[in-house]
Amino acid sequence: MEFKHTSVLLEESVKALNVRGGGLYIDGTLGGGGHSYRILSQNPSCRLIGIDRDPEAVSAARKRLEPFGDRAVVVNDNFCNINAVMDRLGVDRADGALLDLGVSSYQLDNAERGFSYMHDAPLDMRMSRNDTLSAYEVVNDYSREELLKVFYEYGEEKWSARIADFILERREKKRIETTLELVDIIKAAIPKKARLEGGHPAKRIFQAIRIEVNGELKILEQAVEDFVHRLAPGGRMAVITFHSLEDRIVKKTFAELARGCVCPSNFPVCVCGRKPEVKLISRKPLLPTREEEESNPRSKSAKLRVIERLQAE
């Protein structure tokens, strides 16, 4: 299957980076290379490091970025390892960084990857097939308490307990092997009236399992901080999120980095010496236009937040 992906908030995110000649930019979630291609097209002398944990994405992006020659370096790694990647490449600072935290269209549409609740496939959901933990192990080996934690915290699913109980009941008869087997269990667990409300009844559970399998939220806060600390003064970081849990972490992390003095309000002078590390480019996130939502429904939940690294003291 050809690697295809429509980059969300493409114009807005690349514009936010203020791409300039001779600058070095990092795309930490390379995917099919859409954002990276646009960044490299902004200026004939800018350079880019593209990172992705999915070998199939890396292969597709290398082909797409071939016209830019050695201005583009593609790395198969997890963006949470940004410090190691930059050290390995002998790079100290970047002039901009981008994270697009969504699952690619290719991963969703490629049934055999097991991300979609619309296609029958083996339970997988790994961003990289080199990882050991898959959806199969989560669904079949996690205890009731572990399933509850995943479903409630990462999926915010109010029927978490019933769904976990139905999974355990099915597991006593046979192991759950495919996505549609799991969908049937979820549908059976959620009362009919509740199934008619909102979107697909399996959406939140599949999201939760995917986040657990790939450790998405566990790495996010530290990764954002690491990216910011590798920015040159004046460098910008743009992060695109797709659900409230991701956005909450990014918003909180950016706010903490933008915070200055933390002394009690009754102190006459600052004694903590804390200075803001970044400034928020906008208090509220940028959202897709109505035109983008209509042309790409998967963009509807996207939010873009941007910060700029302040001059080092």
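The values are calculated or read from the model by the stated rules, or taken from the named source; none is laboratory data. Note that the structure is a prediction, hence the values are computed from the model and not measured. Every residue, glycine among them, receives a Cβ derived from its backbone with ideal geometry; neighbour counts consider all protein chains shown. Heads up: the accessible areas ignore ligands, DNA and RNA and are worked out on the full protein's heavy atoms, side chains in. Shrake-Rupley method; radii C 1.70, N 1.55, O 1.52, S 1.80 Å.
Residues of the stretch 272-309 being loosely packed, with under 11 Cβ neighbours inside 10 Å and not acidic (Asp, Glu), which ones?
Those that are loosely packed, with under 11 Cβ neighbours inside 10 Å and not acidic (Asp, Glu): GLY273, ARG283, LYS284, ARG290, PRO297.
Which residue is nearest to ALA16 (Cα to Cα), if the candidates are limited to the stretch 266-313 and must be modelled with pLDDT of 85 or more and of a type in the set (S, T, N, Q)?
My answer is SER282.
Being over 30 Å from GLN311 (Cβ atoms), of a type in the set (D, E, K, R) and open to solvent by 30 Å² or more (accessible area, probe 1.4 Å) is true for just one of ARG88, ARG62. Which residue is that?
Going through ARG88, ARG62 in turn, just one is over 30 Å from GLN311 (Cβ atoms), of a type in the set (D, E, K, R) and open to solvent by 30 Å² or more (accessible area, probe 1.4 Å): ARG62.
So that you can scan it fast, the table gives a plain yes or no per residue for (1) exposed (fewer than 15 other Cβ atoms within 10 Å of the Cβ); (2) more than 28 Å from LYS193 (Cα to Cα):
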{"residue": "ASP120", "(1), (2)": "yes, no"}
{"residue": "SER128", "(1), (2)": "no, yes"}
{"residue": "LEU133", "(1), (2)": "yes, yes"}
{"residue": "TYR152", "(1), (2)": "no, no"}
{"residue": "TRP159", "(1), (2)": "no, no"}
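Would you call VAL138 farther than 30 Å from VAL183 by Cα and either open to solvent by less than 50 Å² (accessible area, probe 1.4 Å) or among the aliphatic types (A, V, I, L, M) (or both)?
No; evaluated as a whole, the condition is false for this residue.
Could you list all residues from the stretch 211-225 that are open to solvent by less than 10 Å² (accessible area, probe 1.4 Å) and either farther than 14 Å from PHE254 by Cβ or outside any helix (DSSP H, G or I) (or both)?
ILE211, ASN214
Residues that are in contact (Cβ under 8 Å) with a residue 24 or more places away in the chain, in contact with a Ser or Thr (Cβ under 7 Å, 6 or more places away or on another chain) and aromatic (Phe, Trp, Tyr): does the stretch 117-129 have at least one?
Yes, that holds for at least one residue.
Condition first: open to solvent by 40 Å² or more (accessible area, probe 1.4 Å) and more than 23 Å from LYS15 (Cα to Cα). Can you find one or more residues in the stretch 33-52 that meet it?
No.
Do you know which residues across the stretch 228-274 are of a type in the set (A, V, I, L, M, F, W, C) and in a loop (DSSP other than H, G, I, E, B)?
Selection gives PHE242, ALA258, CYS261, VAL262, CYS263, PHE267, VAL269, CYS270, VAL271, CYS272.
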